[in-house]
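Each remark here refers to the structure printed beneath this line.
The values are calculated or read from the model by the stated rules, or taken from the named source; none is laboratory data. Predicted model only: the values in this text are computed from it and were never measured. Every residue, glycine among them, receives a Cβ derived from its backbone with ideal geometry; neighbour counts consider all protein chains shown. These area figures cover heavy atoms from the full protein model, side chains too; ligands, DNA and RNA do not enter into them. Shrake-Rupley method; radii C 1.70, N 1.55, O 1.52, S 1.80 Å.
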Amino acid sequence: MPINLNNPIHSTSDAFKKIAPDLQGNILSSHGRDHANHVFIRFKSPASARSFIKKEIAGRMTSAAKQKQNSKDFKSRKSNGLRTFKNFSLSHEGYRFFTIEDGQIPSDETFRGGMVASIGPLKDPTQADWEKAFQKNWHAVLIIANKSPTLLKIRTSFLRAKLNNIATVHVETGTGIRNNEGAHIEHFGYVDGISQPHLLTDEIEEGKIATNNWHPAAPLSLALVPDPGGNPDALGSYFVFRKLEQNVKAFKLAEADLAQQIGTSVDVAGAQMVGRFRSGTPLIPVEPPQPGPASKMNDFNYDGEGSTDSKCPFHAHIRKTNPRGTGGFELREDEKAHLFPRRGITYGKDPKNTSIDPEGDVGLLFMAYNSNLKTQFEFMQSSWANNTGFPGQAGGPHGIDPIIGQGEDAGGQHHYEKWGDDTSKKRIKPSLGNFVTMRGGEYFFTPSISFLKSIGRSSSRLHGAILQI
Ligand code: N7H
């Protein structure tokens, strides 16, 4: 019986046991390592590429089952946690390079068009303004991750040597950065990775997350789709990769300037841009906002009293990208279906090792798993973050998302001197934004392990396949 994708699952369930050996890791839950290389590959010839896949990829990727076993072994001290995580995804051009039959290529039209085709709708910079490395079309991306930067270096050099004569390669290194409490932060200094859709219910059932006001459980169908090239019942996921550069200096100056204009502390001004304080404390619902236990950091919504702009501005990054049922255009469940698991990691110099705020060369390697690129990632970026008319609450327009919004400034952001006091409203001109610049990216598909094994086999099915574009 095919697996029902309409529900979340527990990692001890029969459903998990059924899908996990053939499904690559990092989709259902994050690989969690602080050091990761993202190796972009453009192969030279299909024959040597197939041989590489057979020897180095097919049986060596970390399945969801192996990822779970590794973390169990680490928790029970059977392992030192230094096992390398690996994951492999193909672009549409990669599928075509291997002359995979059309019916075995994932069908999402947005995936097939590649990220370049979406520059207009997303209001991204033109490809000529992307980093040189992303002006090429890559066939594949291999993620190699380890807790130890030294081991990661060794594993990556080993793979680079194998690819040396058979491919062009570009590596993007992600390095997790943490605050003094050990929580992951991004380069503007805010704790990240708090709110995620949970395809696995483990943490919820273990009571690690309160769910009275917001339930993060999400169906597998939010990220998983059938993999038409794998075994019957094989699953995969569309993978978004975007290199997002952050201008930390400009962001911090804007925070300080905003604070002065609206008469608040810099911390409060920044929280009105993000929707959370640096510590991760949300602007809603605690009165006045104050740090709470980690389990409650995400147990809030924007219903009723909590929904006022003066408590959490409508433009705030986390409100734009997850209005929690109050966007005003869709039913709560339909709106929730636009969310997706985010798997980003920061890149560039750790702020702890520098005294200046960088204007570039640092940022976020934004990654996400989707089942439908148009209605998830692209919808969130273009119809929510870039759209001054969203959310559809009275008193709009509400401006673009100051963190990731792109496009012309149509104004509309409102800030407040006093939390919860609508009469303390201030309008800032021009709107805040442009602190994050898209430097390049691509859409990939993270296929099943059975599909990877089938590319590795120089079977007549692959050699004899008719290329249909
Ligand atoms: Fe965002 N930031 O530092 O301000 N993000 N984000 N993001 N983001 C979140 O709640 C940030 C980006 C989402 O469910 C937090 O987990 C930065 C893109 C979503 O309440 C912080 C960049 C997209 C959420 C940041 C960036 C999103 C979210 C709070 C780029 C989608 C959860 C931590 C450099 C298109 C919302 C948390 C919810 C949270 C920041 C990118 C989406 C601090 C700096 C491109 C859905």
> Just one of ILE57, ILE53, ILE19 is more than 18 Å from THR156 (Cα to Cα) and open to solvent by less than 20 Å² (accessible area, probe 1.4 Å); which is it?
Replying inline: ILE19
>> With the structure loaded, tell me whether ASN387 is farther than 22 Å from PHE188 by Cα and either assigned to a loop (DSSP other than H, G, I, E, B) or open to solvent by less than 40 Å² (accessible area, probe 1.4 Å) (or both) or whether it fails that test.
In response: yes
>> Out of the residues in the stretch 165-192 meeting the condition of being open to solvent by 50 Å² or more (accessible area, probe 1.4 Å) and part of a loop (DSSP other than H, G, I, E, B), tell me which one is farthest from the ligand (Cβ to nearest atom).
In response: ASN165
>> Here's a check for you: in the stretch 29-71, which residue that is under 16 Å from TRP138 (Cα atoms) and aliphatic (A, V, I, L, M) is farthest from the chain's Cα centre (by Cα)?
In response: ALA49
> Hey, among the residues in the stretch 326-349 that are assigned to a loop (DSSP other than H, G, I, E, B), open to solvent by 40 Å² or more (accessible area, probe 1.4 Å) and without any contact (Cβ under 8 Å) to a residue 60 or more places away in the chain, which one's farthest from the ligand (Cβ to nearest atom)?
Replying inline: LEU331
> So is GLN272 part of a helix (DSSP H, G or I) and buried (at least 22 other Cβ atoms within 10 Å of the Cβ) or not?
Replying inline: yes
> Which one of the conditions (1) more than 10 Å from the ligand (Cβ to nearest atom); (2) modelled with pLDDT of 95 or more; (3) of a type outside the set (Asp, Glu); (4) part of a loop (DSSP other than H, G, I, E, B) does LYS249 fail to meet, given that it meets all the rest?
Replying inline: (4)
> Of LYS162, LYS123, which residue is open to solvent by 70 Å² or more (accessible area, probe 1.4 Å) and away from the ligand (no atom under 16 Å from the Cβ)?
Replying inline: LYS162
> Taking the stretch 293-325 as the search range and keeping residues that are more than 10 Å from the ligand (Cβ to nearest atom) and of a type in the set (Gly, Ala, Ser), which one is nearest to ARG178 (Cα to Cα)?
Replying inline: ALA294
